[in-house]
Amino acid sequence: MAKIYNKNEKTDDLNKGRSERFAIYYAPEPFSKFHALGSAWLGRDTQTGKVISQPSIDRMTAKRFFKLTESARHYGFHATLKPPFRLKYGMKQNLLKQAIKEICNNIRPFSIQLDIHLFGKFFALMLPKKNPSIQKLAEAMVRDIDAFRGPSTSKEIEARREKGLSHKENQNLVTWGYPYVFSEFQFHMTLTDRIQSSDEQAIIYDALQSHFEDFLKKNITIEEICLFHQINRQAPFTLVDRFKLGLG
C-alpha cells in the first residue's frame with residue numbers, strides 16, 4: 001500500500017540529508033575597518049573563512065572570551081535580513097542571486113547609526129530607533145525571496161516554539177519560516193552568546209565600547225548586502241556574493 005503523507009511528514013522526508021542553507025545579511029565591506037573590528041571581536045573573518053586572533057579583554061581569560069563568542073562566531077559579523085533557509089527543490093543559486101540583485105537595484109543606499117545593547121542576554125550593535133530604510137530592505141528580502149525558501153521541517157518549527165512565541169511570531173514562523181520578521185524585526189549585529197553573569201556583562205560592555213568606539217552613534221552607510229552560505233549545520237556561514245544597492 002502506498003504511504004499517505006501529511007504535509008509535515010512529506011516536508012520532513014524531502015529535507016532528509018539537506019542541511020545546506022543560505023542567508024541574506026548586511027555585512028560591512030571587505031577590508032573596511034568596521035569589517036576588521038567585527039571579525040577580530042568574533043575571531044573569524046567571513047570574507048576569508050579564517051579563524052583570527054581576538055583582542056585581549058581586561059579581567060577575562062582568552063579561553064572564556066572565546067567561549068562567550070562561540071555561537072556568534074559561527075554566523076559571522078552580520079545583521080540578518082533574510083534568515084537562513086534551504087533552497088526549495090528546483091531553485092538554483094544563480095536565480096537566487098538574480099532575484100537579490102533586482103531587489104537591490106530598486107533600493108537606494110542609506111545610513112544608520114548603531115550602539116551597544118544587551119538584547120535578550122546577548123550583546124549586539126543595534127539601532128537607537130527603528131529605521132524605515134533598513135526595515136524596507138529587510139521586508140523586501142523576506143517577502144520577495146520567499147519563493148526560493150524550502151519549507152521548514154516539523155522539528156525546526158517545534159524547536160522555535162519551545163522558546164516561547166507570541167501569536168504574531170507564531171504566524172510569522174508558519175508563513176515565513178522565522179518568527180522575527182516584518183513588525184517583529186529588529187536590526188542587530190550579534191557580538192556575544194547569552195551572558196548570564198552581571199559581572200561578565202559589565203566586563204564585555206566596557207570592552208565593546210572601547211573596541212567599536214569609532215563606529216558608535218556615527219553614520220554607517222549601507223551600500224551593499226550579502227548572500228551567505230553554510231554547507232551544513234555544523235559548518236560556519238561564509239560569504240558567497242555581495243550586491244550593491246541603487247544600481248537601477
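Residues in the range 145-155: is at least one in a loop (DSSP other than H, G, I, E, B), farther than 24 Å from ARG86 by Cα and touching a residue at least 12 places away in the same chain (Cβ under 8 Å)?
Checked the range 145-155: no residue is in a loop (DSSP other than H, G, I, E, B), farther than 24 Å from ARG86 by Cα and touching a residue at least 12 places away in the same chain (Cβ under 8 Å).
Any residue in the range 192-207 that is in contact (Cβ under 8 Å) with a residue 24 or more places away in the chain, within 19 Å of the chain's Cα centre (by Cα) and either under 14 Å from PRO28 (Cα atoms) or surrounded by 20 or more Cβ atoms within 10 Å (Cβ to Cβ) (or both)?
yes
Return only the number of the condition from (1) over 12 Å from PHE228 (Cα atoms); (2) in contact with a helix residue (DSSP H, G or I) (Cβ under 7 Å, 6 or more places away or on another chain) that LEU95 does not satisfy.
(2)
Looking at the range 160-175, can you tell me whether even one residue there is assigned to a loop (DSSP other than H, G, I, E, B), of a type in the set (D, E, K, R) and either surrounded by fewer than 19 Cβ atoms within 10 Å (Cβ to Cβ) or in contact (Cβ under 8 Å) with a residue 12 or more places away in the chain (or both)? Working first, answer last.
If we filter the range 160-175 for residues that are assigned to a loop (DSSP other than H, G, I, E, B), which is where we start, we get 162-166.
Still in the running and of a type in the set (D, E, K, R): 162-163.
Right, trim to either surrounded by fewer than 19 Cβ atoms within 10 Å (Cβ to Cβ) or in contact (Cβ under 8 Å) with a residue 12 or more places away in the chain (or both) and you get 162-163.
Yes.
In the range 214-242, what residues are out of contact with any Asp or Glu (no Cβ under 8 Å at 6 or more places or on another chain), over 12 Å from LEU125 (Cβ atoms) and either free of Cβ contacts under 8 Å to residues at least 24 places away in the same chain or outside any loop (DSSP other than H, G, I, E, B) (or both)?
ASP214, THR221, ILE222, ILE225, PHE228, GLN234, ALA235, THR238, LEU239, VAL240, ASP241
Which numbered condition in (1) closer than 22 Å to VAL174 by Cα; (2) modelled with pLDDT under 95; (3) outside any helix (DSSP H, G or I) is the only one that LEU14 fails?
It is condition (3) that LEU14 fails.
Can you pull out the residues in the range 103-127 that are touching an Asp or Glu at 6+ places or on another chain (Cβ under 9 Å) and either free of Cβ contacts under 8 Å to residues at least 60 places away in the same chain or at positive phi (or both)?
Passing the criteria: ILE103, LYS121.
So that you can scan it fast, the table gives a plain yes or no per residue for (1) farther than 24 Å from VAL181 by Cβ; (2) not β-branched (Val, Ile, Thr):
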| residue | (1), (2) |
| --- | --- |
| ALA36 | yes, yes |
| ARG44 | yes, yes |
| ILE52 | yes, no |
| SER56 | yes, yes |
| LYS63 | yes, yes |
| LYS67 | yes, yes |
| LEU87 | no, yes |
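The values are calculated or read from the model by the stated rules, or taken from the named source; none is laboratory data. The structure displayed is predicted, hence computed values, not measured ones. Positions of Cβ are generated from backbone atoms using ideal geometry, with glycine treated the same way; all protein chains shown enter the neighbour counts.
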